[in-house]
Every structure is written in C-alpha cells, then in structure tokens.
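**Student:** Questions regarding the structure given below will be posed in turn.
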Amino acid sequence: MNSENAIEVEHLYFSYGNTVVLEDVSFEIKKGDFCVIIGPNGGGKTTLLKLILGILKPDKGKIRVFGKPPHLVKHKIGYLPQYTDFNLSFPISVMDVVLMGRLNKKGLGKKFDDEDIRKVEEILKRLGIWEYRYAHVGRLSGGQRQRVFIARALATDPEILFLDEPTAGVDPEYETGIYEILKELNKRITIVVVTHDIGFISRYAKSIACVNRRLVFHEEGQITKEMLEMAYECPIDLIAHGIPHRVLPEHKE
Amino acid sequence: MWAALQFEFMRNAILAGIIIGILCGIVGTLVVVNRLVFMTGGVAHSAYGGVGLGIYLGFSPFVGATIFSILNSIIMGIFTIKDRRRADTVIGVLWAIGMALGIIFVDLSHGYASDLMSYLFGSIIGVSKKEIYLSAIFTLFTIFWISFFYKEILAISYDEEFAYIMGVPVTFLYFSILILTAISVIIAMRMVGLILVIALMSIPPYIAEVFTYSLSQMMVLSSLLSIFFTISGLWLSYKFNVSSGACIILVSGLGFLISYLLRVFVRK
C-alpha cells in the first residue's frame, strides 16, 4: 500500500447477472488528484463509482480507499449521486437535504445542533444558495438543485469527493461555475468526477480514466484521440477551436 | 350527527377513526415517499391467508392476519432491498397466494364464517374498547419510533445510497418501516377492510405531498386529512345506512380528485 494513493483498485470484476459490466479493472488515484472518469453511457462509469463507494460489492478484485475497504472509510467520503435519481415531488427543504451530509457526525437518534447548522450555513453561502434554504428542493432550477447536492456532499467534510455527472441538468452558464468550485476544493481534497460530457472537463482534469468495460488510466489530464476511440469504440475527430472544446464523432452509415 | 353520538358504538367508532387516521397519516406518508404502495397492497391482501387460517384452526383471525402480514412484509422486504426491479413480481405472487390460501382455508372450515365480510370490508361500528386501546398504544409507539429515528428515516426515504454512505443502518430502518406498515395495515383493516386499506394509507399522503415542505409536515397534514375523511365517511354511512369502509374511501377519493383539480388549475 502506497500512502500517497487515495484509491487503489486491483483486478476488479463486476457483472449484473450475465452482463459483464467491468472486467479486470486496475488503477490508482493519488491524493490531491482531480480524476475524470469518462466513457460511453452503459460503459460502467457509475457502476465503478458505486463499487468504490461500497454501495455495490465486486465479484472479484480488491478496492482500497485510503488503504482500507470502502465501508471503513465512509466518514472521509463525499458523494454527489446522479441527478436523475431524485424524486422531485418529495417534500424536503434545501436545509434538510444539506443537513443529511452531517449524518455521519451524529449518532443514531441525536438531533442536529447549532454547529451542524453553522457548517451548513457556511457552505450554502459559499455556493450562493443560502437565500433558498427554506425552498422546496424539487422546485428549484436544475443548476440550483445541483449546487444543493454539492453542498450536501461538502457538508460531510470529505477528504475525497465523488461526483456522478455534476453538470447534468445544469444550464451551460452554471457549468463553469460548478467546475470552478471543484477546482477550488481540489486544493485541499481529492476529486473524482464521472461524466460522459468531455467538453469542459479537460481544462480541470489532472488525470483521466476511460471506462468501457475495461479501463485505461492516463496520468496526464489530456484527452487523446486514442483514448476516445477506446472509450467509444468508433473513430472520432477531435475539434478544438475555441472554448469549450468540442468533440464530435464521425458520422457513418 | 349529535344524535348518533348518544350510541356508545358510534363514539367508539369516532375515537377509533381519529386514532387510525393519525396512524395511517404517519405510516402512509412513509409508504408513499418510499414507493411502497404496491407492497402495502400486497401485504394487506395476503393477510387474508392469515384470516382464513385463524378461522380454520379456530384462533383469532386478527392474530392470523397480523402474523401473515408481518411475515409477508419481511419476505417482500428481502426481495425489494436486493433488487427493486424484480420486486413487483414477487409482491404480485405473494398477494395472490395469500388470498388463495385464505379462500381455501375458509372453504375447509365447517360452519358459516359469519363475519368474513368485516375483514374484507371493515366494520368500524363493531370496534371494541380493547381494540381502541391497542391501536392507541401502537400509534404512540409509532410516533415515538419515527421521531427518534426521524433524521435517519428521512435520509433513507429520500436517498438510500447516500444514507448508506453516511453510515445510517439502512436495512434495519427499512425493515422497521415495513413492520410498522404491516401492523398498521391490520389495525386499519378493522376500519375499512383489507381490500380498501391501501386507499386509506395512500390517498391522504398523495394529497398532502403537494402542499408540504417537509416529511413531518406531510405526516401531520396526512393525519388531519385521514381523520377528516374517516369521520365524514362515517357520518355519511350512518346517514344513508351504507357500508362505512366504502364511504370513507369514496370521500377520500373525492378529496383526491378535488386536490388534483386544484393543483392543475392553480398551477396554470
């Protein structure tokens, strides 16, 4: 075990029934990294994330987070689930959602106290959503709601933050804002982002992992043509005029 | 209505209606937000197997129904916690098997099962003082349990995976919700019968969900609506001399329709 590593995955296999999702996946993510996991839909990105978080159990292979099995380091982990997983009609306020991030600091049956509220206040102010603290989460805009869930992930005081599609459902003008927040956080903590949208992300990534059943890890935060072809299994043109960079697949009959 | 209150059975019925209304409002809220409505239907219907077993073996059908509903909720819980997509099938199968068992047991029982209809359709008028006390004690216990674990129950209801990562004992609390629901179903069965209990558990929370900003508010509003529906249904059934369970459900259904129309037109 290398103490420089935040995550170590060795020969990981996972399948849903007969469908192999991940096959012989091995890689390491260093502490302080900003790792972006890219790949096609259904390629196994979210599954890999849930395995690292301990929500799913691997068929074979070893996963270590800060040198320990995932379920032993839950208190060091912050997590932003995929936007589509939320029940928007659920009656809950912004404050109550973000307070959930304090659950791991509180024993069963203990009430949240002033310290929890102060912590949440600080995060909500930093993310510019303090004024919405009593609002119904399901009635916020996509961008505001995504900031609420980032706030919840931060309320856990994580040493490593996992984000699954952080800009899904977010208006393009907020996308940069979210990445700037992550860049700022990355000065202190390790960040792992799963995305299928590789537009903005190349400006922030320190390392990139391509997942499409197998995984290829690149220590440089550069997306190359070969990586994309591996990840999307088709020839791709890289077009990089202006910002954001755009990547368009070649059209074929 | 005031004349009706002179009868003890009517006062008992109203008291039971208030207690069951509170219980259904609280537990029904958890059922709706956790999307357990279909499962609750399955638990209620399969409890008929326990009613039949009780009649056949000569013990209280309510005890049989309670055992069946708790066991079924645990079995359904095991399937749903592993794979939510396959749970529908299992629930459907247990639902049908439970009812079929009940029918066979009743067929095998000699003599006329006089009050079978009261299990299917409820008979709030026949509720005893003892049953009221038991319902009240269970309702108080439910309120205590849910307030004690409120922040954890809120977290698993809203986002189970996140709650797991936060170290919340998801499985323990999930099964506690299922067992509370199973017992509530049996208590509410006294009121509206096992066929209609699902409506009493789900309609008030469906209405309340739209107008509230927190789970606890939703529970309070659901309870108030439940009480209102049961008392007005009871009054209508007395007034027109028709089944109380069906009246309660029809009033609830009407309430749902009004709230739905309000939502559609007010939002426009």
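The values are calculated or read from the model by the stated rules, or taken from the named source; none is laboratory data. Because the structure is a prediction, the values reported are computed rather than measured. Using ideal geometry, Cβ is built from the backbone for each residue, glycine included, and neighbour counts are taken over all protein chains shown. The protein model used for the area step is the full one, side chains on, heavy atoms only, and it has no ligands, DNA or RNA in it. Shrake-Rupley method; radii C 1.70, N 1.55, O 1.52, S 1.80 Å.
**Student:** Taking B:Ser216 and the conditions (1) away from chain A (no Cβ under 14 Å); (2) open to solvent by 30 Å² or more (accessible area, probe 1.4 Å), which numbered condition does it fall short on, given that it satisfies the others?
**Tutor:** Tallying (1) away from chain A (no Cβ under 14 Å); (2) open to solvent by 30 Å² or more (accessible area, probe 1.4 Å), B:Ser216 fails exactly one: (1).
**Student:** Right, here's the next one. Being in contact with a Cys (Cβ under 6 Å, 6 or more places away or on another chain), touching a residue at least 12 places away in the same chain (Cβ under 8 Å) and surrounded by fewer than 17 Cβ atoms within 10 Å (Cβ to Cβ) is true for just one of A:Val216, A:Val192. Which residue is that?
**Tutor:** A:Val216
**Student:** OK, next. Within the range A:167-182, count every residue that is surrounded by fewer than 14 Cβ atoms within 10 Å (Cβ to Cβ) and closer than 17 Å to A:Ser202 by Cβ.
**Tutor:** Residues in the range A:167-182 being surrounded by fewer than 14 Cβ atoms within 10 Å (Cβ to Cβ) and closer than 17 Å to A:Ser202 by Cβ: 2 in total.
**Student:** Oh, and also: Which numbered condition trips up A:Asp24, out of (1) open to solvent by 30 Å² or more (accessible area, probe 1.4 Å); (2) part of a helix (DSSP H, G or I); (3) in contact (Cβ under 8 Å) with a residue 40 or more places away in the chain?
**Tutor:** Here A:Asp24 clears every test but (2).
**Student:** Would you be able to say whether some residue in the range B:34-45 is within 14 Å of chain A (Cβ to nearest Cβ), farther than 25 Å from B:Val106 by Cβ and crowded, with 24+ Cβ neighbours inside 10 Å?
**Tutor:** Checking the range B:34-45: at least one residue is within 14 Å of chain A (Cβ to nearest Cβ), farther than 25 Å from B:Val106 by Cβ and crowded, with 24+ Cβ neighbours inside 10 Å.
**Student:** Is it fair to say B:Gly77 is over 16 Å from B:Leu196 (Cα atoms) and open to solvent by less than 40 Å² (accessible area, probe 1.4 Å)?
**Tutor:** So B:Gly77 passes the test.
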